[in-house]
Every structure is written in C-alpha cells, then in structure tokens.
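S.K.: Take a look at the following structure, please.
The values are calculated or read from the model by the stated rules, or taken from the named source; none is laboratory data. All figures in this text were calculated on a predicted structure; none of them were measured in a lab. Heads up, the Cβs are rebuilt from the backbone with ideal geometry, glycines too, and the neighbour counts pull from every protein chain shown. Areas reflect the complete protein model, heavy atoms only, side chains present, ligands, DNA and RNA absent. Shrake-Rupley method; radii C 1.70, N 1.55, O 1.52, S 1.80 Å.
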Amino acid sequence: MPSAIELDRRAYRRKQSVRSALLSCVSLIVFAAAVWLALARSEGWTRVRETFFSPRYFIESLPVVLQGLMTNLRVLASAVAGVAVLATLIALTRTTISPVLFPLRALATVYTDVFRGMPMIIVLYLIGFGIPGLRIFGRIDSTLLGTIAVILVYSAYVAEVIRAGIEAVHPSQRAAARSLGLSHSQTMRIIVLPQAVRKMVPALMNDFVAMQKDVGLVSVLGAIDAVRSAQIMVAKSYNFTPYVASGLLFILMSLPFIHLTDWYAARLKRREQAGGAV
Amino acid sequence: MIGVNDSNESRGNFAGIQPLLRFEDVHKTFGRNAVLRGVTLDVMPHTVVVCVGASGSGKSTLLRCANLLETVSDGRIFLNGEDISDPRRDQDTVRRKIGIVFQSFNLFPHMTVLDNVTLSLRKVVGMRRIDADARGMELLRRIGIESKARVYPDRLSGGQQQRVAIVRAIASDPELLLLDEITSALDPQLVGEVLDLVRELKSTRATILMATHEMSFARSAADEIVFLHNGVIEESGPPEKMFGAPEKETTRAFLERFD
Ligand SMILES: Nc1ncnc2c1ncn2[C@@H]1O[C@H](COP(=O)(O)OP(=O)(O)OP(=O)(O)O)[C@@H](O)[C@H]1O
Ligand SMILES: [Mg+2]
C-alpha cells in the first residue's frame, strides 16, 4: 500500500489529466463547429457537397475505382521487388573502393543524383513516351512503363538508405571479419548487410509508404488504375466524387503500414533506451 | 624465399631459426603523416612480443599492417619467410594465418557467442556445423562460459566479450596472434581475467605480438618489449633490460611513468 503522500500525488495527477482531456475535447468541438459553420454558410457549399461528396456517385464509382486499385497494387508489388534488387546493386557499387570500379561508382553516383533530383512526373513522361518513341520493343504496356519509372526513382532513394546503413556498421566489424579470413563478399553478406538492414528498416518503411501513393502517378501514362478510372468517370458525369473515393482508398491502403511503421519505431526506441548492443 | 634467407643471414639470426613474423624497414604514411618510418622487427616463434609507446605512436598501425588491414608505404613484411606485403599474394590466405583482436567492436552482435567463435571454421575452413560447434564449445569451456554459447554478445560482460574474441581468433589455429590494446576499453576489475587468458596462451607456446598500456603485464609476461617512438623502434629487449637498465634516455623516461 503506497504512502498517503504518494496517494495524494496520484489523485492530483489524475485530476490534472481529466482536466486536460476535457479541455482538448471542448476545443476540438469548438473548432469543428467553426469549420462546419464557415463551410455551410459559404455560398457554394451546397454545390461543392454535391460535386465532391455525392453519396450516389460514391457508391457507383467505388467498385470501378477498387478495380483500378488492383492495378496500383500490382505496380506496387513489382516495383518493390525491382527496387530491392536495383537499389542494393547501386548501394553496393557505391561502397566499393577498388580503383578499377571507379567508372561504375561514378555512374552510380550520377544515377542517384539525377533520380533524386528529378520530379517523378518528368521521369514518368520521359520513360513513358521516350522508350516507346525508340520503337525497339514494339508496343509496351503503359502499366509496365509506369512501373519502370517508379523503380528508377525509388531505387535512387532506397540505394542511399542502404548505403547509409552499410556505412553505419562499425569499421572494426569489417576488419574483424576480414581478419578471420572471410572474403570481401562473405564479409558483406554475413557480417555487414545483416547489421545494416536493422539500421535501415525505419527509413525503408517510410519510403514504402511514399511509394504506395506514388504508384497512383502511373495514371498519367494512361494505365487504367484507381486514379485513371476515377478520371474517366468524372469526364462522363462532371462529378468529382470518384476522385474522393479513390483518394480514400489510397489512404485506407496505406494506413496499416503507416501504423506498423510507428509501432516499429516505438519498439526500436524502447530497445535502445533499455541498452543496446556493444 | 631466396632474398629472405639472404637478409636473415645478414642480420645474423641465431641457430638458423627463422622469425615467424618480420618487419623489414616498414614505412606507413597517411597523407603527409609519416606514422611508421622504418620499423625493423622480428617476432620469433613461440614468443610474446609486447609493443609499447605513447598514444598515437603507431602501435595499432603496425599491427594492422601485419594483418594486411593497411598496405605498407614501403618496406616488406614476412610471415614464415614469405613476403606478405607482395600484392601478388592472396591476402585472404595470409589473413587466415593471423588472428587479431581489437580494443572493441570485435564480436558480431547479430550472431550468438558460439556462432561468433565458429564462423571462420564454418565459412573459411569449411568445417561441418556439427564439428565446428564441438570445437567452439571446447573453446568456450576453456574460458568457462560454455553456458553462454547460445546468447548474443551484448549479454556478456566486457571481459567475457574480449575473451570470446580471443578464442574466436585462435579457433582456426592461426600461426600468429595480434592483440591491439585488448584491455583498454575494460573496467579495471575485468582486465585481469583477459590478461590471464593471454598468459595461458603463452603457456601453450602461441606466438603473440601485442600492443598494450599494461606495463606490469608486459614486465611479467613479455619475452621481448619493443618501444615505438617517433615512427621507429627506439629500443627493444627483454623486460629486465627495458625496465632495469634501458640504453636510451627516452625509453627510461617513457617506462618510468608507469612504475
Ligand atoms: N586510417 C587512418 N587515416 C589517417 N591517419 C591515421 C589512420 N590510422 C591511424 N592514423 C594516424 O596514425 C597515427 C598512429 O595511430 P595508431 O592508431 O597506430 O596509434 P597507437 O599507437 O595505436 O595509439 P593508441 O595508443 O592511442 O591506440 C595517429 O596520428 C593517427 O592519427
Ligand atoms: Mg592503438
């Protein structure tokens, strides 16, 4: 049984937290009411509500948009696989030191600079209209072209994350592995990469969340995805509700992973506070 | 080989015994910083050679050169009469014959203690897991922590970690063991257990080249003490001479501070 002093302190803290919870509820309600009033009193509100939040168009568009979202999911899955391979190759190239590999290293550096700097939409246009323009491969599916563009851009980001992870492994670890007689590639595979991956996970998860919504951009090449399906319906009805529906679906798709990321970051923080490895 | 025998004779080694490790006029510069400026040193088989010197005098650099973690800027290094500083020689084969333990960050944190110890047996020697594990357990028993075989290194004390690093380095029977200030990062009460293990290795006739600031250990366990100063070996000799009657004033001044 805690002492009277402690009980008093606890009672006080409880009262305080109830007070602040009440306060934030009240302010939330006031704020929401203010926004609602401002909207409702504005001249065009009824029209906006009808064109963006129409229940009829929402229900009508949902299955079509959902169908389109399957394309986005397919793009996402292939892009994740592509990025995993390409980004690892680029990162490994950038961490080599052999002078013979200088040209490759320079190429990898230019690659990451270019694709991290260029707006995604430009890359999409260049790939989406440039490659077919070469007329080497015949007709190429626009979904495939979009996937390639996403892979190119995200590989540049992810390669940098991987490289930072590799460099965060203490140099003595590499020296210790080489001293045991392990070859360069064994050292990378058995010692450096497994440790680097742990350090990279939070950053990689963030890039994945960003990628989840950027796969919606393949629509600019004409791939029939969630965004494009919505666009087609909007063009017919002049009602924008399908856009809202597709936006909502993208949010729903990313929510589980966003929360997984938060959970993982919190767990990592707890671990580190509990005292990490030497 | 031929050239080496020549230089062996010219330096007049006793009874034809060849040094296990030989530095011959070794230089090492980092940019414009000349750290080693002509080090010549023989490590005879079954001896413990202790390298002392001020912080930054190049002790670690010397050991890292011997293990080919650094390339020398000039001069040659021989292991068993073979020039290992020759870039045509396969470095991985050379490194297998030399074990090294650093001040810290030796153990791989993502592997169990046993896997740390058996790694070179499995991946370099090519031993089957079951045999490697048997040998690994035997080594862990020798340092009295076989009960920790399946835990990760962060669950061990600093002294235990360093002892595991030592047995890991000797797991595949290297010809030479390099120890670079292996007790510097430890709490004072843990230093003894690590140095006791080094003494035990000495009693099994291992050949050891080590850098340390533990002068009382150097005094009692070294066969030869080498004083590194300004990038060269200022003076070397058995502990009695180095502590009792050093020839050089700089040696006396350096060793006196530890008495
Ligand atoms: N990779 C490197 N690049 C540049 N300079 C280096 C490098 N490694 C060592 N040095 C320099 O070489 C000199 C000798 O370093 P070294 O670590 O060999 O000394 P040490 O005798 O082991 O010192 P300590 O007792 O502090 O461990 C130092 O001036 C250091 O700055
Ligand atoms: Mg050092």
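S.K.: Run the simple label-point estimate for B:Ile17 and A:Arg49 please: 7 Å along Cα→C-beta, distance reported in nm.
M.R.: 10.0 nm
S.K.: Taking the Cα centre of the protein assembly as shown as origin, sum charge times position over the Cβ atoms of Lys and Arg (+1) and Asp and Glu (-1), and report the length of that vector in debye to the nearest 20.
M.R.: Around 2460 debye, computed over the protein assembly as shown.
S.K.: Related question: Take the Cβ-Cβ distance between B:Arg142 and A:Gln16 as r, set R0 to 51 Å, and report the resulting FRET efficiency rounded to the nearest 0.05.
M.R.: E(calc), rounded to 0.05, equals 0.30.
S.K.: Moving on. State the number of lysine pairs found in the protein assembly as shown whose Cα atoms come within less than 24 Å, restricting to pairs 8 or more positions apart or on distinct chains.
M.R.: Lysine pairs meeting both conditions in the protein assembly as shown amount to 11.
S.K.: P(r) of the stretch A:133-193 in 5 Å steps, Cα pairs, percent per bin?
M.R.: 4, 15, 16, 13, 10, 9, 8, 9, 8, 6, 2
S.K.: Please work out the ratio of the alpha-carbon Rg of chain A to 2.2 N^0.38 Å and round it to two decimals.
M.R.: Ratio of Rg to 2.2 N^0.38 Å for chain A: 1.38.
S.K.: Here's something else I'd like to know. Roughly how much accessible area, to the nearest 100 Å², goes out of reach of solvent when A and B pair up, both sides summed, probe 1.4 Å?
M.R.: Approximately 2000 Å² gets buried when A meets B.
S.K.: If you don't mind, there's one more thing I want to ask. Dipole magnitude of the stretch B:69-219 about its Cα centre, charges +1 at Lys/Arg Cβ and -1 at Asp/Glu Cβ only, in debye to the nearest 20?
M.R.: Once rounded to the nearest 20, the dipole reads 520 debye.
S.K.: Pick out, from B:Thr250, B:Asn67, A:Val85, the residue whose Cα sits farthest towards the positive end of the charge dipole of the protein assembly as shown, with +1 on the Cβ of Lys and Arg and -1 on the Cβ of Asp and Glu.
M.R.: Selected residue: A:Val85.
S.K.: In square nanometres, what is one fourth of the surface area of the convex hull spanned by the alpha carbons of the stretch A:66-120?
M.R.: It is 4.5 nm².
S.K.: Follow-up. Within 10 Å of each Cβ in A:170-177, how many Cβ atoms from other chains are there, averaged over the peptide?
M.R.: Other-chain Cβ atoms within 10 Å of each residue's Cβ, averaged: 6.
S.K.: Take A:Tyr264, A:Tyr238 and sort them by solvent-accessible surface of the protein heavy atoms, 1.4 Å probe, largest at the top.
M.R.: A:Tyr238, A:Tyr264
S.K.: Sticking with this one: Given C-alpha coordinates of the stretch B:63-106, what is the ratio Rg to Rh with the Kirkwood estimate of Rh?
M.R.: A ratio of 0.97.
S.K.: Would you mind telling me the antiparallel percentage of the DSSP bridges in the protein assembly as shown, rounded to 5? It would help to have the intermediate numbers written out before the result.
M.R.: On the way: 20 of 36 bridges.
If I count the DSSP bridges inside the protein assembly as shown, around 55 percent turn out antiparallel.
S.K.: Let me ask another. Alpha carbon centre of the stretch B:205-259 versus the stretch A:14-83: separation in Å?
M.R.: Between the Cα centres of the stretch B:205-259 and the stretch A:14-83 lies a distance of 76 Å.
S.K.: Amide H of B:Cys51 versus every other amide H placed in the peptide plane: which residues, excluding those fewer than 5 positions away on the same chain, fall under 5 Å?
M.R.: Close amide H contacts, sequence-distant or interchain: B:Met210, B:Ala211, B:Thr212, B:Val226.
S.K.: Taking N as the number of residues in the stretch B:106-183, what is its Cα Rg relative to 2.2 N^0.38 Å?
M.R.: It is 1.00.
S.K.: Of the residues B:Ser120, B:Ser57, B:Ser220, which exhibits the maximal mean-square fluctuation in a Gaussian network model of chain B defined by a 10 Å Cα contact cut-off?
M.R.: Result: B:Ser220 has the largest fluctuation of those listed.
S.K.: Compare B:Gly244, B:Gly136, B:Gly231 in a GNM of chain B, Cα atoms joined below 10 Å, and give the one with the largest fluctuation.
M.R.: Sorting by GNM fluctuation, first place goes to B:Gly244.
S.K.: Continuing with the same structure: Over the whole of B:168-177, what's the average partner chain Cβ count within 10 Å per residue? Rounded to a whole number, please.
M.R.: Details: counts 3, 3, 0, 1, 2, 0, 3, 0, 0, 0.
Partner-chain Cβ atoms within 10 Å, mean over residues of B:168-177: 1.
S.K.: May I ask you to list the trypsin sites (Lys or Arg not before Pro) in the stretch B:202-259 that are in a DSSP loop and have at most 16 other Cβ atoms within 10 Å of their Cβ?
M.R.: Those that pass, being in a loop and sparsely packed, are B:Arg205, B:Lys248, B:Arg257.
S.K.: Defining a contact as two alpha carbons under 8 Å apart and six or more residues distant in sequence, what relative contact order in percent does chain A show?
M.R.: Working: 238 pairs, mean separation 77.0, N = 278.
Taking the mean separation of contacting Cα pairs over the length of chain A, I get 28 percent.
S.K.: Right, here's the next one. List the residues whose amide H sits under 5 Å from the amide H of B:Gly38, counting only those 5 or more places along or on another chain, with H placed 1.01 Å from N in the peptide plane.
M.R.: B:Val26, B:His27, B:Lys28
S.K.: Determine how many Å³ per residue the convex hull of the Cα atoms of the stretch A:1-100 encloses.
M.R.: That works out to 367 Å³ per residue.
S.K.: Can you tell me the FRET efficiency between B:Lys241 and A:Ala164 if r is taken as the Cβ-Cβ distance and R0 is 41 Å, rounded to the nearest 0.05?
M.R.: After rounding to 0.05, the efficiency reads 0.20.
S.K.: Let me ask something else about it. ³J(HN,Hα) across the stretch A:209-217 via Karplus (A = 6.51, B = -1.76, C = 1.60, θ = phi - 60°), whole Hz, x for Gly/Pro?
M.R.: For the stretch A:209-217, the Karplus-derived couplings read 4, 4, 5, 4, 8, 5, 5, x, 6 Hz, x marking Gly and Pro.
S.K.: Largest first, please: the extent of the C-alpha atoms of the stretch B:144-259 along each principal axis, to the nearest Å.
M.R.: Largest to smallest, the principal-axis extents are 52, 30, 25 Å.
S.K.: Give me log10 I(q)/I(0) at q = 0.07, 0.08, 0.11, 0.14 Å⁻¹ for chain B, Debye formula, one equal scatterer per alpha-carbon, no solvent.
M.R.: -0.25, -0.32, -0.62, -0.99
S.K.: Sort A:124-135, B:169-180, A:191-202 for me by packing, meaning the mean count of neighbouring Cβ atoms within 10 Å per residue, highest on top.
M.R.: So the order, starting with the most tightly packed, is B:169-180, A:191-202, A:124-135.
S.K.: Over the Cα atoms, compute the radius of gyration (one decimal) and Dmax (the largest Cα-Cα distance, rounded to a whole number) for the stretch B:34-144, in Å.
M.R.: Cα only, the stretch B:34-144: 16.7, 48 Å (Rg, Dmax).
S.K.: Next up: What's the FRET efficiency of B:Asn230 with B:Ser184 using the Cβ-Cβ distance as r and R₀ = 30 Å, to the nearest 0.05? Numbers along the way, then the final one.
M.R.: Working: r = 22 Å, r/R0 = 0.73.
Efficiency, from the Cβ-Cβ distance: 0.85.
S.K.: I need the phi-derived Karplus couplings for the stretch A:75-89: 6.51 cos²θ - 1.76 cosθ + 1.60, θ = phi - 60°, integer Hz, Gly and Pro marked x.
M.R.: Each residue's phi maps through the Karplus curve to give 4, 4, 5, 5, 5, 4, 5, x, 4, 4, 6, 5, 5, 5, 4 Hz.
S.K.: Here's something else I'd like to know. Across the residues of B:90-99, average count of Cβ atoms on other protein chains within 10 Å?
M.R.: Taking the mean over all residues of the peptide, I get 3.
S.K.: Measure off 7 Å from each Cα along the Cα-to-Cβ vector at B:Asn33 and A:Val201, then give the distance between these two points in nanometres to one decimal.
M.R.: Going from the B:Asn33 label point to the A:Val201 one covers 3.7 nm.
S.K.: Ranked by accessible surface with a 1.4 Å probe, highest first, in what order do A:Leu217, A:Leu248 come?
M.R.: A:Leu248, A:Leu217
S.K.: Return the ratio Rg/(2.2 N^0.38 Å) for the protein assembly as shown, where Rg is computed over Cα atoms only.
M.R.: Here the answer is 1.38, to two decimals.
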